[in-house]
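Have a look at the structure below before the remarks.
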Amino acid sequence: MTDATRQFNFAEYDVCNELRDLKEVHGLLGKNAVVEWFKVAREHAPNSRMAINENTILTRGGVTQAEQDTYAEWIHYLIDQGQGPDVIGMQGHFSEAVTGPETVLRILDRFATFGKAIQITEFDLVTRDEHGQARYTRDFITAVFSHPATDAFTMWGFWEGRMWQPLGAMIRKDWTLKPNGQAFMDLVLKEWWTDVTTTTGPDGSCAMRGFLGDYKITVTFGGKEKSAMVKLAKPATTTAFVF
């Protein structure tokens, strides 16, 4: 790979998907082939995080012990071979047999013991009960957001006109928001969105709490204004403005 192409590396790559059910290749070549996939991926994109992804870990009401065990075995195997994933992906295709938030958290706790980032990679909920869909969307996303091991959440489509299962969409064909879409917006853009205006103390400093993420901070002093983009990350972030 040339230097010219390296600049287009993604931050993350999904190296393998659904190893439990899609066995044709590694069933023929052996489990070590998956180790080789991670090794080659890292050689070509050394600055990217490498992910493994699997389905029916969090779904079906949480009655997924066998699926969880198989997934954990794969992750253990890759770690033992020196090619453990950087990211553990869990799909989230739900039917009306949803999984209670407490069970979701227990499953996340189990896989958090690997010390890797966990991501929800494909969320949707297919049902005609739009208000129940909204309630569970709120509860599930809240559970995932609350867990310290999770760092990303991917919706599996949002517009009814291009949704693989239209009932799972958050926006109707006419672009009006469904209740589950409103629940999503209320959490992400209101409840979890920090927008604070404050005044510094005599020493010119101030402190505030906020959700982790990217911020634009604007300071006004003596009729002048300065702005800066800041990432709020653990454990704390300090920004100084000089006028």
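Out of the residues in the stretch 32-52 that are over 20 Å from the mean Cα position of the chain (by Cα) and either among the aliphatic types (A, V, I, L, M) or outside the structural domain of Gln91 (by TED's automatic domain parsing) (or both), state the one that is farthest from Gly82 (Cα to Cα).
By that ranking, first place goes to Ala45.
Looking at the stretch 53-71 only, could you name the residues that are assigned to a loop (DSSP other than H, G, I, E, B) and either of a type in the set (Ser, Thr, Tyr) or not assigned by TED's automatic domain parsing to the domain that holds Val35 (or both)? Selection gives Thr56, Thr59, Thr64. Looking across the stretch 137-182, the residues that are farther than 30 Å from Ala11 by Cα and touching a residue at least 40 places away in the same chain (Cβ under 8 Å) come down to Leu167, Lys178, Pro179. Find the residue count for the stretch 72-104, including only residues that are assigned to a helix (DSSP H, G or I) and surrounded by fewer than 15 Cβ atoms within 10 Å (Cβ to Cβ). Adding up the residues that qualify gives 5. Screening Gly181 against (1) more than 20 Å from the chain's Cα centre (by Cα); (2) surrounded by 15 or more Cβ atoms within 10 Å (Cβ to Cβ) leaves a single unmet condition, (1). Quick check on this structure: which one of Gln65, Gln165 is farther than 21 Å from Leu177 by Cβ, among the polar types (S, T, N, Q) and either crowded, with 16+ Cβ neighbours inside 10 Å or over 17 Å from the mean Cα position of the chain (by Cα) (or both)? That would be Gln65, the only listed residue that is farther than 21 Å from Leu177 by Cβ, among the polar types (S, T, N, Q) and either crowded, with 16+ Cβ neighbours inside 10 Å or over 17 Å from the mean Cα position of the chain (by Cα) (or both).
Checking the condition more than 12 Å from the chain's Cα centre (by Cα), farther than 22 Å from Phe158 by Cα and assigned by TED's automatic domain parsing to the domain that holds Leu187, which residue from Thr99, Thr137, Thr113, Thr127 passes?
Values: Thr99 fails: farther than 22 Å from Phe158 by Cα; Thr137 fails: farther than 22 Å from Phe158 by Cα; Thr127 fails: farther than 22 Å from Phe158 by Cα.
Exactly one residue qualifies, and that residue is Thr113.
Counting the residues of the stretch 116-141 that are part of a strand (DSSP E or B) and farther than 12 Å from Gly181 by Cα gives 7.
The residues of the stretch 142-162 that are exposed (fewer than 14 other Cβ atoms within 10 Å of the Cβ) and in a loop (DSSP other than H, G, I, E, B) amount to a single one, Pro148. For residues in the stretch 203-217 being farther than 27 Å from Asp151 by Cα and surrounded by fewer than 11 Cβ atoms within 10 Å (Cβ to Cβ), which is farthest from the chain's Cα centre (by Cα)? By that ranking, first place goes to Asp203. Close Cβ contacts (under 7 Å, 6 or more residues apart or on different chains) running from residues in the stretch 54-70 that are under 19 Å from Asn17 (Cβ atoms) to residues that are modelled with pLDDT under 95 and surrounded by fewer than 15 Cβ atoms within 10 Å (Cβ to Cβ) comprise Arg60/Ala97. Every test in (1) assigned by TED's automatic domain parsing to the domain that holds Phe241; (2) of a type in the set (A, V, I, L, M, F, W, C); (3) in a helix (DSSP H, G or I) is passed by Met208 save one, and that test is (3).
The values are calculated or read from the model by the stated rules, or taken from the named source; none is laboratory data. All values derive from a computational prediction rather than experimental measurement. Counting neighbours? That spans all protein chains shown, and the Cβs are built from the backbone with ideal geometry, glycine included.
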